[in-house]
Amino acid sequence: MAKNVATLRRQLEKQMPASPANPAMPNYVSDADLEDLVKLATSKGPFAVKGEFNGQPIGLINKQDRDIDHKNELMPLIADIPLEKIKPIPGPDYLWDEAVGIHEGVHINQPEIDPSLPAAEIQRLTIQHEAESDKAAIDFLRSKGRDDMAQALIDYLPRPSALTGTTTTPPAVFLGGGAVNVTAAHVDAVGKFKAEMNQGVAKELGISEADAEKLLKTIPANT
């Protein structure tokens, strides 16, 4: 761990002279803080975090860990479908890696969501941010002449929100041309779609809607 902390300090100093890696600066970051960051970076997949050091904003992007750095590992995670049920995934790994980097990079430039906002508005803004990031990744793939990869990503993205009712992954409707504009009506529609699916499953199996909800949690849609 000490070696990793030292490496991270050198990287900070290289990228930002007079950064928190310098003990003389007022916002010096301790070894314990950097150790926590190393643990986070080595235990979690791609993510982006923002902070402020020495009065200046800074963004940190963590790439995929070694367990999901191949398209055959990454796409089943995005789609929530086992690899054997996914058609052949187009494109090289390095372009998928770059697309993930683009997605996370966009998060760095997005405004923070005020936690004091109503829950529905936090939900809407969360989808908005994810949709903006996904669209940037899709636009990147298209700019590289890989419409097949862009379409594959669009196909993979909507399924978790549609089937589980979670609203952090944007449905494909937000990922077409033009600017992304997620409204309260969109968020409401996702919730209603989940309810309609539960009703359909309940009717088909002759069970209650509550049991249909439990069924989705106990027997995931990818089985």
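The values are calculated or read from the model by the stated rules, or taken from the named source; none is laboratory data. These figures come from a predicted structure and were not determined experimentally. As a convention, Cβ positions derive from the backbone with ideal geometry for all residues, glycine included, and neighbour counts pool all protein chains shown.
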Residue pairs meeting the criteria (Cβ under 9 Å; at least 6 apart or on separate chains; first outside any strand (DSSP E or B), in the stretch 45-58; second at pLDDT below 75 and small (Gly, Ala, Ser)): Asn54/Ala18; Asn54/Ser19
Filter result for Glu13 (farther than 30 Å from Trp96 by Cβ and modelled with pLDDT of 70 or more): yes
Exclusive hit being surrounded by 11 or more Cβ atoms within 10 Å (Cβ to Cβ), at pLDDT below 70 and polar (S, T, N, Q), set Asn4, Asn22: Asn22
Asp36 vs. criteria within 14 Å of Leu8 (Cβ to Cβ), modelled with pLDDT of 70 or more and out of contact with any Cys (no Cβ under 8 Å at 6 or more places or on another chain): yes
Close pairs (8 angstrom Cβ cut-off, 6 or more residues apart or separate chains): over 22 Å from Pro46 (Cα atoms) in the stretch 137-155, surrounded by 20 or more Cβ atoms within 10 Å (Cβ to Cβ) anywhere: Asp147/Leu141
Selected residue (criterion: surrounded by the most Cβ atoms within 10 Å (Cβ to Cβ)) from residues of the stretch 99-147 that are acidic (Asp, Glu) and either over 14 Å from the mean Cα position of the chain (by Cα) or assigned to a loop (DSSP other than H, G, I, E, B) (or both): Asp139
From the options Thr223, Thr218, Thr167, residue that is within 30 Å of Leu95 (Cα to Cα), loosely packed, with under 13 Cβ neighbours inside 10 Å, at pLDDT below 80 and not basic (Lys, Arg): Thr223
Residues within the stretch 67-98 that are exposed (fewer than 12 other Cβ atoms within 10 Å of the Cβ) and not charged (D, E, K, R), tallied: 4
Positions within the stretch 63-98 being part of a loop (DSSP other than H, G, I, E, B) and either within 12 Å of the chain's Cα centre (by Cα) or closer than 14 Å to Phe47 by Cα (or both), in sequence order: Lys63, Gln64, Asp65, Asp69
Test: residue in the stretch 45-65 that is closer than 30 Å to Asp155 by Cα, exposed (fewer than 13 other Cβ atoms within 10 Å of the Cβ) and modelled with pLDDT under 70: no
Residue ID - modelled with the highest pLDDT, chosen from residues in the stretch 112-139 that are among the acidic types (Asp, Glu) and under 20 Å from Lys50 (Cα atoms): Asp114
